[in-house]
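Derivation of every value follows stated rules applied to the coordinates shown; laboratory data play no part. For clarity, every value in this text was computed on a predicted model and none was experimentally measured. Note that each Cβ is placed from the backbone with ideal geometry, even for glycine, and that neighbours are counted across all protein chains shown.
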Amino acid sequence: MIIQGKNVKVYDNGGASNDRYTVIIDNSVYAMNETPFHPTYGFSQYCGELGSEYTWNENWGQEIHDVSELSDETVKAIIARFEDELDE
């Protein structure tokens, strides 16, 4: 899917774990949940690089193709990761 002009892949494990979404931006892999900014339950973590440390596996779940399937908070967290990349 395209978010703010960037190609992003998002996989959804259906809520099987707190890190419900696996998000790939460029080759960076992140794990997130539906409320990534919540002070107690939020989760948004850099995991590593695709290919060197991570490869796709079935536990990531189904690929999401429509941004409307994601919570607004998850989309904001993905966009925040773009900004992190620009700061580096």
**Prompt:** Given the options 21, 30, 41, which has the most mean-square fluctuation in a GNM of the chain, springs set between C-alpha atoms less than 10 angstrom apart?
**Reply:** 41
**Request:** Would you work out the charge dipole size for the range 2-87 about its Cα centre, treating the Cβ of every Lys and Arg as +1 and the Cβ of every Asp and Glu as -1, and quote it to the nearest 20 debye?
**Result:** 60 debye
**Prompt:** Out of these labelled values of percent of Cα pairs over 20 Å apart, (i) 65; (ii) 36; (iii) 26, which was calculated from the coordinates shown here?
**Reply:** (iii)
**Request:** Subtract the Cα-Cα distance of residue 28 and residue 54 from 0.36 nm times their separation in residues, and report this length gain in nm to one decimal.
**Result:** 8.4 nm
